[in-house]
Amino acid sequence: MTEPLEIAALYEKFAPTGAGKAMALRIAVRQAVRQALLRPMDELPSTRQAAKALSMSRNSVIEAYDGLTAEGVIQTRRGARPRVCALPGAPGQTLTDMADIPLSQRGRTLSAPHRAGYHLGEVEALAPGLPDPALFPQDAWATALRRAARQQRGDQDMYAAFEGLPDLREALTLFLRRHRGVTVDPDQIIVTPGTQSALALMADLVSDPGDEVWMEDPGYAGGRAIFEARGLQCRPLPDPLSPGGVAGDPRILYATPSTQYPTGTRMKLNRRLDILALAEARQSIVFEDDYDGDFVWRGTNVPPIFSLDKTGAVVLIGTVSKSLMPGLRLGWILVPKALIEPVREAHRALGYCVNVQVQAALADFIRSGQFARHLRRSAKTYQQRMDSLTTALRAQLGNHVEISFPDGGLQTLVRIDADLDDRALSETLWHQGFQVLPLSRLCIESPARGLVVGFARADDAKSERFARALAQALDEARPVTCT
């Protein structure tokens, strides 16, 4: 029998902080049983005795005992003390949680540190791929979201329109026609939580393990992680890209033509056409990631590959993660008409859905013109910050490094000598408070070395401080010892 003082000791040992008293007692007894401190047929104190020993109400003890009875941890009989039940396993055996759950091959690939060297969430100064949250149009978005929350959409608030609200798909067709030169039917738009889910969905749908993906090198590490987790073989996209001059049979061609990540260059029209020709010759599917397509610093946007396609071989992937906020978790896929129904079914089966109120708010935001105005204001600010950063780097470093002037996007590339360790350099800068990404982390075969530096929040003071920190880090940088 467990004496009243003993149950007080067990409660003190196992009861979690912050839980209600009944729940805390329930957890403490359950844990004591799992660790064989309470054994089968051991008696617990009566509800009155336990309440007195634990300085809690009898009702709380009754609630805890009732819960433990429902779980099968104890058994109760009228007029008798509760007793511990015999749980699976040998008598007296300590029940422990699995310390090492074996992962599948896909699980091991997905959980591999493809973002190693990228301490996102710890230090975010000059982190690439992040907009400035201070520019987010809070009041205008709140107004759109309030209107969306008050709407009743019938079946669309249930499980209808899983592929995306009709209002949002209509609004996106207008936006993409005006700002990307893309003309599509609203049915060709599938709303997703963002680029990663879009790549996963499409890769699952059109490829099998062992298939090849040809992608830019250096290129987007998140996309590579998605592909490799599905057993796909990632190879660099050849240059030049003549269908008759390259060997291989790619199932997927993945590129970021609007703003190449991480170099910030815009893909020329002839290479876009070469990709289309290769896709047609090899029966490949083109995944066109419209990365940072909302921010153009030189010239104007070149039409997406999707708008040039006549064979139905291209899917175009977009998101508001950079133009508004990653936390909205909202993007889209433009698919060829032949893929509409398969993509819809796979999209629903995999559960890549988006909150309907957020979708309705974005539709309102686009139709009202607020989105276009926000993009114009943000672009003006980001261009000033890009100029601030590149000016500070050139003033501090001169010709010692190659500083790119991006065609678009929210990051610039600082190339360094190939014999320097850019991973160690980025780690040094992280300790100085700067979250920059080593270029080598984004490479498949390329020996390129450098730093990918975001400028969305690079004011003058931060830019100058970073330039000084980088100059000092370069002076102390060590050569590469391994690749």
(message) Restricting to the range 238-271, name every residue that is buried (at least 22 other Cβ atoms within 10 Å of the Cβ) and either of a type in the set (D, E, K, R) or part of a loop (DSSP other than H, G, I, E, B) (or both).
(response) THR256, PRO257, SER258, THR259, GLN260, TYR261, PRO262, THR263, GLY264, ARG266
(request) Taking the options ALA363, ALA372, ALA338, name whichever one is over 24 Å from the mean Cα position of the chain (by Cα) and open to solvent by less than 40 Å² (accessible area, probe 1.4 Å). (result) ALA372
(message) If the requirement is being basic (Lys, Arg), open to solvent by 10 Å² or more (accessible area, probe 1.4 Å), in a helix (DSSP H, G or I) and in contact with a strand residue (DSSP E or B) (Cβ under 7 Å, 6 or more places away or on another chain), which of these qualifies: ARG377, ARG394?
(response) ARG394
(request) Determine which member of the set GLY409, GLY454 is on the phi > 0 side of the Ramachandran plot and crowded, with 23+ Cβ neighbours inside 10 Å. (result) GLY409
(message) Name the residue that is least open to solvent (accessible area, probe 1.4 Å), counting only residues in the range 41-57 that are over 48 Å from the mean Cα position of the chain (by Cα) and not aliphatic (A, V, I, L, M).
(response) PRO45
(request) Can you give me the number of residues within the range 436-448 that are out of contact with any Leu (no Cβ under 6 Å at 6 or more places or on another chain) and either at pLDDT 90 or above or buried (at least 19 other Cβ atoms within 10 Å of the Cβ) (or both)? (result) 9
(message) Please return the ranges of helices (runs of 4 or more DSSP H) entirely within the range 133-206 where 1 or more residues are farther than 30 Å from LYS310 by Cβ and within 21 Å of the chain's Cα centre (by Cα).
(response) none
(request) Select from the range 208-262 the residues that are polar (S, T, N, Q) and within 18 Å of ALA281 (Cβ to Cβ) and list them in ascending order. (result) SER242
(request) Starting from residues that are touching a strand residue (DSSP E or B) at 6+ places or on another chain (Cβ under 8 Å) and in a helix (DSSP H, G or I), keep the ones in the range 409-439 and report whichever is nearest to GLY129 (Cα to Cα). (result) LEU439
(message) Quick test of your reading of the structure: CYS234 fulfils all but one of (1) at pLDDT below 95; (2) in contact with a Phe, Trp or Tyr (Cβ under 8 Å, 6 or more places away or on another chain); (3) not basic (Lys, Arg). Name the failing condition by number.
(response) (1)
(message) Can you tell me which condition ASP155 does not meet? The list is (1) charged (D, E, K, R); (2) at pLDDT 95 or above; (3) surrounded by fewer than 16 Cβ atoms within 10 Å (Cβ to Cβ), and all the others hold.
(response) (2)
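The values are calculated or read from the model by the stated rules, or taken from the named source; none is laboratory data. The structure displayed is predicted, hence computed values, not measured ones. With ideal geometry, Cβ positions are generated from the backbone for all residues, glycine too; neighbour counts draw on all protein chains shown. Heads up: the accessible areas ignore ligands, DNA and RNA and are worked out on the full protein's heavy atoms, side chains in. Shrake-Rupley method; radii C 1.70, N 1.55, O 1.52, S 1.80 Å.
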